[in-house]
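Data block below; observations after.
The values are calculated or read from the model by the stated rules, or taken from the named source; none is laboratory data. Everything numeric here is computed off the predicted structure, so don't read it as measured data. Heads up, the Cβs are rebuilt from the backbone with ideal geometry, glycines too, and the neighbour counts pull from every protein chain shown. Calculation scope for accessible area: heavy atoms of the full protein, side chains included, ligands and nucleic acids excluded. Shrake-Rupley method; radii C 1.70, N 1.55, O 1.52, S 1.80 Å.
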Amino acid sequence: MPKLIVLRLLRLATLLAGVSALAFTLVHNSPIDPIQAYVGADVNLTDAQYAALREHWGLDRPPVEQYLAWAGSIIQGDLGVSTLYKIPVADVIATRFGASLALMGVAWLLSGLLGYALGVLAAIRRGRFADRAVSWYSYTLSSTPTFWLGIVFLVVFSVWLGWFPVGLAGPYGVPAAEVTFAERVHHFVLPALTLSAVGVANIAMHTREKMTDVLNSDYVAFARARGESPGQILRNHGFRNSAAPAVTLQFAYFSELFGGSVLAETVFSYPGLGSTLTEAALGGDVPLLLGIVLLSAVFVFTGNVIADIVNAALDPRVRRRA
Amino acid sequence: MSEPVLAVSGLDVSFVQYAKGLRTRTVPGITGLDLEVAEGEILAVLGASGSGKTLLAQAILGILPHNARTGGEILFRGSRLTPARRTRVLGREISYIPQSVTSLDPLMPVGAQVRIGLDAAVAERVRRRLFARYDLQDHVAGRYPHQLSGGMLRRVLFATSVRDTVRLVIADEPTPGLHAEAVEEVLRHLRELAVSGVAVLLITHDIRAAVSVARRVAVMREGRLVTMETADAFTGDGAELRHPFARDLWRALPQNQFSPGGTEWHS
């Protein structure tokens with residue numbers, strides 16, 4: 001067991017090194033000039049000022065040296081200072097991550113529960129109307145980009161029906177401290193709904209397949225021959241044999257959830273980690289961008305580890321191999 | 001003679017398949033099958049793969065594939081086995097010992113699988129008794145199927161089928177893949193069931209197993225009952241067998257399986 005943990009931590013370390021190096025390379029080669037993005041497009045710098053800023057930020061040094069300098073301070077626990085917000089990256093992330101976590105958590109739970117339920121329903125009614133409806137929904141949604149769905153929801157629910165605000169986490173012009181809980185929820189609904197709606201498709205289709213296999217299995221045929229009713233078959237065998245793959249999948253889904261939240265938050269101008277990531281990329285804020293990238297890598301990695309643990313807990317055949 | 005426990009008459013099973021486009025064709029599975037099993041009797045149904053013997057079991061239990069059509073009549077203790085009646089008698093009066101150990105739920109401890117269908121108040125006590133009867137240690141109850149040997153899983157399957165109220169046991173190929181000793185054990189368990197008054201329908205392609213345990217042997221080929229022989233007739237060169245197909249089957253056994261006169265193992 002300790003060996004397993006060490007191995008996992010080692011894997012996480014190499015993952016983070018790889019991800020950050022790749023992200024750094026991409027930023028370094030991006031057409032966005034961090035200094036120009038910092039001072040704004042309409043400010044003209046003299047060459048001397050420009051060179052001074054380059055030297056101040058260390059941009060005149062070779063890229064490998066820049067990366068190593070950054071990596072060195074990361075190891076000491078220092079994420080650096082955001083060039084956009086002028087405060088430590090850790091503080092920016094801390095304030096934004098909460099909002100994203102709520103969004104992703106709700107979407108994760110909703111899509112998991114609803115997706116599993118729909119998948120089971122489709123498998124039980126395979127070939128009938130309910131199955132076709134669930135399949136149609138899932139195929140449509142999984143071929144729909146999150147940002148597009150977000151825009152459709154905005155057009156329908158905010159613009160046409162006027163049920164929900166167009167964006168942000170609270171009413172425009174009201175200080176964050178004065179936004180009521182009800183207002184927060186009101187602003188929260190559409191982004192959460194967008195993320196959930198997309199997530200449902202994945203889990204529903206996988207559960208449908210798994211449950212169909214289970215219902216066609218020898219042990220379910222035997223259960224029928226033993227006089228178990230359809231309800232008993234679901235309770236005794238159906239959930240037991242389809243839950244582990246569903247839960248595993250849902251934890252492994254963390255990565256898509258994170259990617260989805262980036263898009264959904266941007267569409268809804270929702271001040272979470274995702275929209276901050278977009279800002280950081282467009283504003284040339286390298287420390288903030290890399291910080292968020294690292295965090296998201298840890299987040300996804302954690303999801304996968306939990307998936308493995310849960311899978312082993314639910315399936316004794318996996319436990320033996322682990 | 002008293003009323004048979006199971007009486008099958010004129011049973012037809014066929015499958016509807018899509019041929020070309022939307023045209024369907026019907027593939028026969030079983031045609032015009034008649035047989036009866038009495039209380040305390042073991043009737044062996046003998047046939048090769050594809051002869052329809054497993055379909056017979058599935059038809060009685062009502063677990064045929066969805067595209068199957070059935071005709072004819074199946075009487076259990078004198079009245080028709082309708083779907084409604086099946087929900088009352090399956091697992092209580094009729095039990096099934098399936099062919100494959102994959103019939104056990106891979107994610108449920110075997111003890112819990114034996115308890116299914118038992119009255120919750122006595123389930124654990126009955127489970128212990130059944131485990132003792134089939135020579136399974138008590139701690140095995142908490143194990144999952146993948147942790148047990150094939151022989152142990154067969155015994156677990158037997159334990160799932162034995163209920164005080166059972167009148168008919170349908171055993172589908174309970175012997176293949178087992179070594180001689182284990183086969184003998186399975187057959188002994190079937191004999192015990194019959195002695196306690198249960199009617200046993202043993203479906204098998206193992207002639208020696210069928211002959212050594214049954215009184216009558218029904219031989220099936222291509223969905224039809226070819227002949228009903230007495231087990232005693234499977235002896236010597238098979239001259240006492242009434243139907244040439246049964247004689248062929250008997251004579252096709254590898255010669256080295258015979259002892260001189262062919263009586264030693266079936267006496």
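Kindly report the accessible area of the range B:171-258 per residue (heavy atoms of protein chains, probe 1.4 Å, no ligands, DNA or RNA), in Å². Mind showing how you got there, number by number?
Values: 4090 Å² over 88 residues.
That works out to 47 Å² for each residue.
At a probe radius of 1.4 Å, figure out the B/A buried accessible area, summed over both chains, and give it in Å² to the nearest 100.
2000
Find the centroid of the Cα atoms in the range B:107-160 and in the range B:56-74, then give the distance between the two in whole Å.
Cα centres, the range B:107-160 to the range B:56-74: 29 Å.
Just tell me how shielded B:145-158 is by partners: mean number of partner chain Cβ atoms within 10 Å of each residue's Cβ, no decimals.
Details: counts 3, 3, 3, 0, 0, 0, 0, 0, 0, 0, 0, 0, 1, 0.
Partner Cβ neighbours, averaged per residue: 1.
Through the Karplus equation 6.51 cos²θ - 1.76 cosθ + 1.60, θ set to phi - 60°, convert the phi angles of the range A:185-196 into ³J(HN,Hα) values in whole Hz; use x for Gly and Pro.
Karplus-based 3J(HN,Hα) across the range A:185-196 equals 4, 4, 7, 7, 4, 5, x, 5, 5, 4, 5, 5 Hz.
Lys and Arg at +1, Asp and Glu at -1: add these up for the other residues within a Cβ distance under 14 Å of A:Arg240 and post the number.
-1
May I ask you to list the chymotrypsin sites (Phe, Trp or Tyr not before Pro) in the range A:71-173 that are in a DSSP loop and have at most 10 other Cβ atoms within 10 Å of their Cβ?
Loop-located and lightly packed - A:Tyr172.
Per residue in the range B:103-126, which ones lose no less than 40 Å² of accessible surface when going from chain alone to all protein chains (1.4 Å probe)?
B:Ser103, B:Asp105, B:Pro106, B:Leu107, B:Met108, B:Ile116
Percent of accessible area on the protein assembly as shown owned by carbon and sulfur, 1.4 Å probe? Don't skip to the answer; put the middle values down first.
Details: 17730 of 29510 Å².
Summing carbon and sulfur atoms, their accessible area is 60 percent of the total for the protein assembly as shown.
At 1.4 Å probe radius, can you tell me the per residue accessible area of the range B:1-155 in Å²?
About 48 Å² of surface per residue is accessible.
Below 8 Å between Cα atoms, with a sequence gap of 6+, how large is the relative contact order for the range B:84-227 in percent?
26 percent.
Between A:Asp213 and A:Leu68, what is the FRET efficiency for a Förster distance of 41 Å, r being their Cβ-Cβ separation, to the nearest 0.05?
Given R0 = 41 Å and the Cβ-Cβ separation, E is 0.20.
Between B:Asn67 and A:Arg132, what FRET efficiency comes out of the Förster formula 1/(1 + (r/R0)^6) with R0 = 25 Å and r the beta carbon distance, rounded to 0.05?
Working from the Cβ atoms, E equals 0.80.
Compute the accessible area of each residue in the range A:290-322 twice, once for its chain alone and once with every protein chain present, using a 1.4 Å probe on heavy atoms, and list those whose area falls by at least 50 Å².
Residues passing the criterion (a loss of at least 50 Å², heavy atoms only) are A:Pro316, A:Arg317.
Can you give me the accessible area per residue for the range A:1-87, using a 1.4 Å probe, in Å²? It would help to have the intermediate numbers written out before the result.
Details: 6170 Å² over 87 residues.
Heavy-atom accessible area per residue stands at 71 Å².
Residues with beta-carbon under 10 Å from that of B:Glu229, excluding B:Glu229: net charge, scoring Lys, Arg +1 and Asp, Glu -1?
Values: positive: B:Arg216, B:Arg242, B:Arg247; negative: B:Asp232, B:Glu240.
Once all neighbours under 10 Å are counted, the net charge is +1.
Considering only protein heavy atoms, what is the solvent-accessible area of A:His206 at a probe of 1.4 Å, reported in Å² to the nearest 10?
100
Taking the Cβ of A:Trp70 as the center, what net charge do the other residues with Cβ under 12 Å away carry, scoring Lys and Arg +1 and Asp and Glu -1?
Values: positive: A:Arg61; negative: A:Glu65, A:Asp78.
Within the 12 Å Cβ shell, the charges total -1.
Take the Cβ-Cβ distance between A:Trp148 and A:Thr95 as r, set R0 to 35 Å, and report the resulting FRET efficiency rounded to the nearest 0.05.
Calculated value: 0.75.
What is the distance in Å between the Cα centroid of the range A:232-303 and that of the range A:15-63?
28
Using only the Cα atoms of the range A:95-198, what are the Rg and Dmax in Å?
Over the range A:95-198's Cα set, Rg and Dmax evaluate to 16.3, 53 Å.
Relative to the isolated chain, which residues of the range A:233-252 have their accessible area cut by 40 Å² or more in the presence of all protein chains (1.4 Å probe, heavy atoms, no ligands or nucleic acids)?
In the range A:233-252, residues shielded by partner chains: A:Arg240.
Go ahead and estimate [θ] at 222 nm for chain A from helices alone: -39,500 (n - 2.57) per DSSP H run with n ≥ 4, summed, over the residue count, rounded to 500.
-24000 deg cm²/dmol
State the three equivalent ellipsoid semi-axes of the protein assembly as shown, derived from the C-alpha gyration tensor as the square roots of 5 times its eigenvalues, in descending order and whole Å.
Numbers: eigenvalues 961, 140, 89 Å².
One finds semi-axes of 69, 26, 21 Å for the protein assembly as shown.
Stretch A:Phe239-A:Val305 to full length: gain in nm at 0.36 nm per residue minus the Cα-Cα span?
Between A:Phe239 and A:Val305, full extension yields an extra 21.5 nm.
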